[in-house]
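Only one structure is covered here, and it is reproduced in the block below.
The values are calculated or read from the model by the stated rules, or taken from the named source; none is laboratory data. Keep in mind that what you see is a predicted model, and the values were worked out from it rather than measured. For neighbour counting, all protein chains shown are included, and Cβ atoms are generated from backbone atoms with ideal geometry for every residue, glycine included.
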Amino acid sequence: MVLVVDEEGTNLGIMSLEAANKIAQEKGLDLVEVSPHARPPVCRLLNHDRYRYVATPRIRSPRRNQTSEVQIRTSIGEHDLLHKIAKIQELLSQNRKVLVRIRVPTRAGVPVHPDSGAHLIGRIAKALENVDYDVPKKRGNEIILMLSPRKGPMIGGNTVDRVE
């Protein structure tokens with residue numbers, strides 16, 4: 001015994017599986033079990049090929065990676081930095097999150113100019129408006145900054161004055 005729902009969503013009632021299959025064959029549709037754990041199980045009459053065709057983009061769209069990464073070295077030139085900032089703005093305008101990795105050069109494992117990374121973050125933060133960002137994190141010889149498009153009105157303020 002199964003509960004049968006037709007293609008428009010109308011409840012046809014509880015009937016035997018054989019009767020439900022007969023109705024599906026008469027209408028030229030497939031009988032698909034949509035809720036097997038319900039009592040009684042719920043089956044729906046639908047064109048399964050069309051259902052899979054329509055459902056495919058819905059299944060694949062959340063898998064798309066919404067985070068992009070931009071890598072910058074502290075020895076970057078002025079024009080190259082402006083180009084990277086323009087690329088970050090373009091990615092943010094597409095509602096994507098941007099992970100900015102700033103590589104600080106080291107000599108024997110010790111940062112050569114540790115303040116240059118923080119200075120670069122300050123320049124990037126000043127150039128970008130309507131952006132939310134986390135506190136920059138220092139991992140090894142990299143400083144990582146996560147940027148995201150601003151969702152609503154700003155409360156408090158985004159200030160980058162320290163690196164964790």
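Structure summary
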item: Any strands (runs of 3 or more DSSP E) falling wholly within region 1-59 and containing at least 1 residues that are among the hydroxyl-bearing types (Ser, Thr, Tyr) and surrounded by 13 or more Cβ atoms within 10 Å (Cβ to Cβ); result: 30-35
item: Count - residues of region 128-138 that are among the aliphatic types (A, V, I, L, M) and either surrounded by 15 or more Cβ atoms within 10 Å (Cβ to Cβ) or not assigned by TED's automatic domain parsing to the domain that holds residue 101 (or both); result: 2
item: Filtered residues of region 83-98 (kept if crowded, with 16+ Cβ neighbours inside 10 Å and either farther than 21 Å from residue 130 by Cβ or of a type outside the set (Val, Ile, Thr) (or both)); result: 84, 89, 91, 92, 96, 97
item: Residues satisfying the stated conditions in region 92-148, i.e. in a strand (DSSP E or B) and charged (D, E, K, R); result: 97, 101, 103, 107, 132, 137, 138, 139, 142
item: Residues (in a loop (DSSP other than H, G, I, E, B) and modelled with pLDDT of 85 or more) located in region 60-85; result: 74, 75, 76, 77
item: Residues that are buried (at least 16 other Cβ atoms within 10 Å of the Cβ) and of a type outside the set (Gly, Ala, Ser), drawn from region 115-127; result: 120, 121, 124
